[in-house]
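Beneath this line is the structure, given in structure tokens, with notes to follow.
The values are calculated or read from the model by the stated rules, or taken from the named source; none is laboratory data. None of the values given here were measured: they were computed from a predicted structure. So basically every Cβ, Gly included, is an ideal-geometry build from the backbone, and we count neighbours across all protein chains shown.
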Amino acid sequence: MNTPASRSTHWADVAADRIIRERGDKDLYVCASGITPSGTVHIGNFREIISVELVVRALRDRGRNVRFIYSWDDYDVFRKVPANMPRQDELVAYLRKPITMVPDVVGDAGSYAARNEKELEKLLPEVGVKPEFIYQAERYRRSEYAEGIRRAMDARELIREQLNEHRSTPLPDDWWPASVFCTSCDRDTTVVTGRDGGWGLRYRCGSCGNEETVDLRETGAVKLPWRIDWPMRWKQEGVDFEPAGKDHHSEGGSFDTARRTSAEVYDHVPPVTFQYDFIRIKGRGGKISSSSGEVVSLADVLEIYQPEVVRYLFAGTRPNTEFAISFDLDVLKIYEDYDKCERDYFSEPATEKARKKREKQARIYELSQVDAVPDRIPYQIQIRHLCNLLQIQDGDMDAVIASLGDVRPDQEARLRRRGACAWNWLNDFAPEDFRFRLRSPADEPLQLDAGLTPAVRKLRDLCAAELGNLPEKDFGNRVYDVMKEEGLESAVFFPAVYRILVGKEKGPRLVGFLHAIGRDRVTALLDRY
Ligand SMILES: [Zn+2]
């Protein structure tokens, strides 16, 4: 069944082949990703990490040994108190300090940075992403980058020229490729005043007046600016591949300058890269995420999409294409597309043309799996049908599984996850006319037009005798017979039945709906007219 990865034209496979071609035959390929945790990590950031993960898989499918690193750039400065955070006054005192020193005012994560880090780290394994995390604040504080920082100091003039190449205002004469967190007040409100021998760096703090010389081999106070920090770490970790967002990949953007600095200062051939585009969000209306404010996070997406479908969204779209993650009715279409992809994977194509077409989908399906591809096809249930069943059972997934009657134990976990997502979607985002609550025999009976009563009674008798016994199509014909015998138009009869069942004039397609509700409950609801 498997599609040989080497024959695939999937974008992740193409990238993997390019890495091997350009970096040569190596014992180990280092693939890197990273962002700053100076806010909730949003789904656009997730695109970077999942893009790398997919390429990592493609390399591993080629039998290659890969180190997948994810770098938290958490030695960044706390520049602004986010508007949605509590205890604003307290947080103001931490401005200009590293984000790892800012307290976590909403939980017990240890710091503001750690909170944002842990939120994502907890979720990533759920979508099959398991990198090795690197914490930049730790690295800097342990002076692990001393060598790299010193090289930047030595190459001060060359780096200045590299950066000036893309600047309209040249860097000032007193510019240094370093920023220093004052060891007395922890703020980066400092100016470098010179060097002292090879390893010493002098600075003065504008906040507290502290002046001193630190030794790069011992201090944790000196940090490289982003455009230099990035290539320094490529060298340090031997990075072979790292993609970057559109913003970094613009002309003269940080990737351009990092490429030069990497080659000319750090003597490291810049990694293979590609650009990934932005993610739009569609159909969320005014719903504000409880955890992350206005920002849509991976957690928000996983509320609505099961993990395989989240991966499918990214695996099925080329990284340099902008796309929307939808929370509206498109959710159903996405699930249907995924299910179709799954059926294709587990089917035997009849013709050569079908086989070719299937191969592409099959590779997307493989890459969409959190772990290995299941041995047998997972339980397939149309998402619309599942939504109906859930509403009939008032969200009780045990009852839904029992009513299906044919779910194997090994299929349950995935199905339950889908059920939870569908239920969240119904409650938070589904359009009103998609939602219903089945009436209960304990509810007040409706006032029915007298002309409808005989038809409803006949329908009840038909359901009591045949619902679930006759094939669905035959049962449907009998429902129409009842309607015609009583001389009713469907525009009159159907709304009446829906009102009895769900208190609204419309609902899911009636015959299937009656089957989904089941004979006993249907009869109990029709019985009172
Ligand atoms: Zn200070």
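Pairs are defined by a Cβ separation below 6 Å, a sequence spacing of at least 6 or placement on different chains, a first member in the stretch 450-473 that is surrounded by fewer than 18 Cβ atoms within 10 Å (Cβ to Cβ), and a second member that is in a helix (DSSP H, G or I) and hydroxyl-bearing (S, T, Y); the pairs so defined are A464/T523. Scanning the stretch 520-529 for residues that are of a type in the set (D, E, K, R) and in a loop (DSSP other than H, G, I, E, B) yields D527, R528. Return yes or no: is E117 in a helix (DSSP H, G or I), surrounded by 16 or more Cβ atoms within 10 Å (Cβ to Cβ) and without any contact (Cβ under 8 Å) to a residue 60 or more places away in the chain? When the stated conditions are applied, E117 does not pass them. Counting only helices (runs of 4 or more DSSP H) that sit wholly inside the stretch 1-93, those with at least 3 residues that are under 21 Å from Y312 (Cβ atoms) are 11-23, 43-61.
Hey, any hits in the stretch 362-377 for a residue that's of a type outside the set (G, A, S) and in contact with a Ser or Thr (Cβ under 8 Å, 6 or more places away or on another chain)? Within the stretch 362-377 (the criterion being of a type outside the set (G, A, S) and in contact with a Ser or Thr (Cβ under 8 Å, 6 or more places away or on another chain)), the answer is yes, since at least one residue qualifies.
The set of residues in the stretch 208-231 being away from the ligand (no atom under 16 Å from the Cβ) and assigned to a loop (DSSP other than H, G, I, E, B) consists of L216, R217, E218, L224, P225.
For D229, indicate whether it is under 20 Å from W176 (Cβ atoms) and crowded, with 21+ Cβ neighbours inside 10 Å. Against the criterion (under 20 Å from W176 (Cβ atoms) and crowded, with 21+ Cβ neighbours inside 10 Å), D229 qualifies. Figure legend. Inter-residue proximity from the stretch 325-354: first residues farther than 20 Å from E308 by Cβ and assigned to a loop (DSSP other than H, G, I, E, B), second residues modelled with pLDDT under 95 and of a type in the set (G, A, S), beta-carbon distance below 9 Å, spacing 6+ or different chains. Indicated pairs: D328/G283; D328/G285; L329/G283.
Quick one: which of I49, I99 is under 25 Å from S8 (Cβ atoms), surrounded by 22 or more Cβ atoms within 10 Å (Cβ to Cβ) and β-branched (V, I, T)? The conditions single out I49.
The residue that is modelled with the highest pLDDT, counting only those in the stretch 290-322 that are acidic (D, E) and assigned to a loop (DSSP other than H, G, I, E, B), is E322. The number of residues in the stretch 386-403 being surrounded by 14 or more Cβ atoms within 10 Å (Cβ to Cβ) and closer than 17 Å to P508 by Cβ comes to 11. Taking the conditions exactly as written (modelled with pLDDT under 95 and within 30 Å of R7 (Cα to Cα)), does R363 satisfy them or not? When the stated conditions are applied, R363 does not pass them.
Yes or no: the stretch 38-48 includes at least one residue that is out of contact with any Ser or Thr (no Cβ under 9 Å at 6 or more places or on another chain), at pLDDT 95 or above, farther than 20 Å from R311 by Cα and hydroxyl-bearing (S, T, Y). For the stretch 38-48, residues out of contact with any Ser or Thr (no Cβ under 9 Å at 6 or more places or on another chain), at pLDDT 95 or above, farther than 20 Å from R311 by Cα and hydroxyl-bearing (S, T, Y): absent. Counted as qualifying within the stretch 132-207 are the strands (runs of 3 or more DSSP E) with 2 or more residues that are within 22 Å of Y112 (Cα to Cα) and either more than 16 Å from the ligand (Cβ to nearest atom) or without any contact (Cβ under 8 Å) to a residue 40 or more places away in the chain (or both), namely 132-135.
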